[in-house]
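Computed from the coordinates by the stated procedures, all read-outs in this text should not be read as laboratory data. Nothing here was measured: the structure is a model prediction, and the numbers come from that model. So basically every Cβ, Gly included, is an ideal-geometry build from the backbone, and we count neighbours across all protein chains shown.
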Amino acid sequence: MAHLRRSGGGRDEESEVYRITGARQSLDDDVRGRQRRYIAAMVVRTLAVLLTALLWNVSLPLAVVTLVLGVTLPYIAVVVANAGRENVPALPSTFVGESVAPRALPAGQREAHKRS
């Protein structure tokens, strides 16, 4: 955090400037990015299924690998797309030092609370 002193208009003011480089990505950008990753995964899946059909009589082991990729990729793509937003960066502390607030009332004694 930096302090700027503005001069002009006959008045000097001190204002705080906050950095926002650690700010989260906007919701629209986040959704757009997840949609792009999902579409890319589905394109790879489509290619894997097409390769399975083309390679079935040519190379069966390779066709099975592309088939497994084509079957598992939709599940992985959905999990990645629904993973949610990125983690929130740690917010700066607003307190200069850590202090313990005093209790409003002192701790009572057990004997004082017992009923006869």
Toy charge model, Lys and Arg Cβ at +1, Asp and Glu Cβ at -1: the range 26-85 dipole around Cα centroid in debye, rounded to 20, equals 40 debye
I want the local charge near Val43. Using Cβ-Cβ distances under 12 Å, sum +1 for each Lys or Arg and -1 for each Asp or Glu among the other residues. +3
Distance in nm between Arg32 and Val58 label points, each 7 Å along Cα→Cβ, equals 3.8 nm
Report the FRET efficiency, 1/(1 + (r/R0)^6), for Val68 and Val43, where r is their Cβ-Cβ distance and R0 is 22 Å, rounded to 0.05. 0.80
Could you work out, for the range 26-85, what percent of all Cα-Cα pairs fall into each 5 Å distance bin, beginning at 0 Å and stopping at the bin that holds the largest distance? 4, 21, 23, 17, 13, 9, 7, 4, 2, 0
